[in-house]
1. Before we move on, is residue 514 assigned to a helix (DSSP H, G or I) and either out of contact with any Pro (no Cβ under 9 Å at 6 or more places or on another chain) or under 25 Å from residue 594 (Cα atoms) (or both)?
2. Filter segment 129-144 for residues that are under 25 Å from residue 352 (Cα atoms), over 24 Å from the mean Cα position of the chain (by Cα) and surrounded by fewer than 22 Cβ atoms within 10 Å (Cβ to Cβ) and give the result.
3. State whether one or more residues within segment 438-453 are at pLDDT 85 or above and either in contact with a Ser or Thr (Cβ under 7 Å, 6 or more places away or on another chain) or of a type outside the set (A, V, I, L, M) (or both).
4. Which of the residues that make up segment 212-236 are of a type in the set (Val, Ile, Thr) and either assigned to a helix (DSSP H, G or I) or at pLDDT 90 or above (or both)?
5. Is there a residue being assigned to a helix (DSSP H, G or I) and free of Cβ contacts under 8 Å to residues at least 12 places away in the same chain anywhere in segment 131-141?
6. For segment 361-376, check the following and say yes or no: at least one residue is surrounded by fewer than 14 Cβ atoms within 10 Å (Cβ to Cβ), within 28 Å of residue 280 (Cβ to Cβ) and in contact with a helix residue (DSSP H, G or I) (Cβ under 9 Å, 6 or more places away or on another chain).
7. From the list 295, 289, 282, exactly one residue is buried (at least 24 other Cβ atoms within 10 Å of the Cβ) and either over 24 Å from residue 150 (Cα atoms) or over 12 Å from the mean Cα position of the chain (by Cα) (or both). Which is it?
8. Quick one: would you say residue 118 is outside any helix (DSSP H, G or I) and not small (Gly, Ala, Ser)?
Amino acid sequence: MPQIPRETVEQVLAATDIVDLISSYMPVKRAGARFQTLCPFHNEKSPSFSVDPVKQFFHCFGCKKSGDAITFVREYENLTFTDAVKKLAGRAGVTIVEQALDPKEEADRRRRGRLLDLHREVTAYYHHLLLTSPDAAHARDYLKSRGFGKEMAERWQIGWAPPPNIFVPWAKAQGMRGRDLVDSGIALQKEQGGLYFRFRDRLMFPLRNDYGDVIGFSGRQLREDPRSGKYINSPETALFKKSNVLFALDRARKGILKEKTVLLCEGQMDAIACHEQGIESAIAGLGTAFTPQHARTLKRYTKNAILCFDADSAGITASERSFRELSTVGVAVRVIQLPAGEDPDSYMQKHGVEAFRGLLDKAVNYFDFRIEQALANNALSGPQEKATFTQECAQLLAVIHDDVTRDAMIQHVATRLRLGAQELTSAVNQAKRKPAPRRFDRPDEAEAKPAAVAPSALDRRIGTLCTLALHSIEAREWLSEQFETLHELANHLDGLPILQAILAGRPDPDSPAAVNSFMAELPEADRLALHQEPSFSENLPDDPRGSAETTLADASALALEKRDAEVKAALNAPDLSIEDQMKLLQEAKEIAQLLSGLNGRAINTDRFAPSRPPKPKKKPWDNDGFNGKRSS
């Protein structure tokens, strides 16, 4: 194992002031010759965590944890000794020369170093193109339409990903290797040979680790394309683990500690807008996935979170997932809801940052938010609806970590629903004994199956996508990027959880043993459903990714047609309000536009060099009349 010389460790400790270090994580106050704060390692109401600036030592009189700066970082951030020393060395500007590594460790270290260098160079290149390239004028126009300009793009190193016929010559000129581009997730290996580049004509947001290093990218669509998700992220790599990364957390930590709460936004642009307006506790997830590791990471910095998601079904699902994970680790959750069609940036532009801060101050607890949603959607209009909603609340109350908090919230929810507290407590206790399925989980996981298991329902189009994902890396990687499209299909086509399990499990198509092992881990009903699908193992389509595109487009068209029928049926309701009628008519119009695009689709077979739009007759950003300030 690599070792850091003792002399270097002592040099790192000598260059680190423990008071300054700990105050970068949490506020500390002087108490005589020492400093005090609430202990970050156990729950307490009175500060018992003492920091001695002379001895450069900390000690908690409550839980008895103690140690030097390295120990603090190890415990607080759950790092190894080596990683803790490296983090402190980077903070103090101390160069570390490690002792000799074994060949495998040395190869891994060099590989990670190459990937970090590659990400750094690509980030700078994307950023340069955004600021200067005539081909990126539409990307600059998009940012300006959101009220952002050059200075913001520079602060966040936002960039523009060009098509491959621009990127490839540049990458070759830099001496970049195809293998490293694949390992970084920027490209993937085509089964017919050659590379397919993941990011094309997208606004690029660098994703960073705790040290501020770029470890991946999130790319936002600039031209509407129903075949591709609005955002696509880097895949899992040696550097990038999606379940560990929260956008802007590297910038937000001090703001979170200062405000004693974190603002969890839906998208990167939302988080950036908040920071640009001085709300520095804002972060964003990557898509709607919020993991237990995300919750544990945030618990290091605060015990309070405010959610700011859209009020649509995807936003409601995301808020529930976030609530469950945060509550499980003891983080209290509140919610703000913006007017329909608004996001933090548009709201602050219209009403000002102080009005948005007012919304943060008035954020409601999660259950009040859910109850207001239920009332607005007539989900409490009858006894059966109320009983169903009560069970949902009981399942959510059951995940609250702290007994006192849970009991207080049970009393509050019971009062609001006009229930007996004991009645709701019984439902919560039952939910704790046998947790109900989450709205985003598979319903067949909630209860034991009878001896004779029926196959899971599986739409033939989704079945085709499952088979393609099992037998083609190229198809699977492309499908993994279509998160939003797949999410929209969930309410209309059967079998999405099976496909999502395949995309998450990532079995190696070239290894029958790996595929069989993965299949063995699936619920029996899902295995039976997949076994009924035709296999591509021997006759894989010549263009599996193209087949996936075509099949997903067909599935999207079918889902849209089903939703179109639902909207038309709703428009015939006799008691429909004018407001609801206008919303449904607008949705019908949007569906018609999307269907028109899908029905007229023509999948481009030359995916290495898609046709490029005519170059706009605009000069680069510095000369197109933009001064770098937010528009009023």
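1. Numbers: assigned to a helix (DSSP H, G or I): yes; either out of contact with any Pro (no Cβ under 9 Å at 6 or more places or on another chain) or under 25 Å from residue 594 (Cα atoms) (or both): no.
No; evaluated as a whole, the condition is false for this residue.
2. Step one: list which residues in segment 129-144 are under 25 Å from residue 352 (Cα atoms), which gives 140-144.
Cutting the leftovers down to over 24 Å from the mean Cα position of the chain (by Cα) gives us 140-141, 144.
Those that are under 25 Å from residue 352 (Cα atoms), over 24 Å from the mean Cα position of the chain (by Cα) and surrounded by fewer than 22 Cβ atoms within 10 Å (Cβ to Cβ): 141, 144.
3. Let us first name the residues in segment 438-453 that are at pLDDT 85 or above, namely none.
No, segment 438-453 contains no residue that is at pLDDT 85 or above and either in contact with a Ser or Thr (Cβ under 7 Å, 6 or more places away or on another chain) or of a type outside the set (A, V, I, L, M) (or both).
4. At the first step, the residues of segment 212-236 found to be of a type in the set (Val, Ile, Thr) are 214-215, 232.
214, 215, listed by residue number.
5. Start the filter on segment 131-141 by keeping residues that are assigned to a helix (DSSP H, G or I), which leaves 131-132, 134-141.
Checking which are free of Cβ contacts under 8 Å to residues at least 12 places away in the same chain leaves us with 141.
Within segment 131-141 (the criterion being assigned to a helix (DSSP H, G or I) and free of Cβ contacts under 8 Å to residues at least 12 places away in the same chain), the answer is yes, since at least one residue qualifies.
6. Here is the first cut: in segment 361-376, the ones surrounded by fewer than 14 Cβ atoms within 10 Å (Cβ to Cβ) are 361-362, 375-376.
Imposing the further condition that a residue be within 28 Å of residue 280 (Cβ to Cβ) reduces the set to 361-362.
Adding the requirement that they be in contact with a helix residue (DSSP H, G or I) (Cβ under 9 Å, 6 or more places away or on another chain) leaves none.
No, because not a single residue in segment 361-376 is surrounded by fewer than 14 Cβ atoms within 10 Å (Cβ to Cβ), within 28 Å of residue 280 (Cβ to Cβ) and in contact with a helix residue (DSSP H, G or I) (Cβ under 9 Å, 6 or more places away or on another chain).
7. Details: 295 fails: buried (at least 24 other Cβ atoms within 10 Å of the Cβ); 289 fails: buried (at least 24 other Cβ atoms within 10 Å of the Cβ).
Being buried (at least 24 other Cβ atoms within 10 Å of the Cβ) and either over 24 Å from residue 150 (Cα atoms) or over 12 Å from the mean Cα position of the chain (by Cα) (or both) holds for just one of 295, 289, 282, which is 282.
8. On the way: outside any helix (DSSP H, G or I): no; not small (Gly, Ala, Ser): yes.
Against the criterion (outside any helix (DSSP H, G or I) and not small (Gly, Ala, Ser)), residue 118 does not qualify.
The values are calculated or read from the model by the stated rules, or taken from the named source; none is laboratory data. Worth saying up front: this structure is predicted, and the values here are computed from it rather than measured. Backbone-built Cβ (ideal geometry, glycine too); neighbour counts: all protein chains shown.
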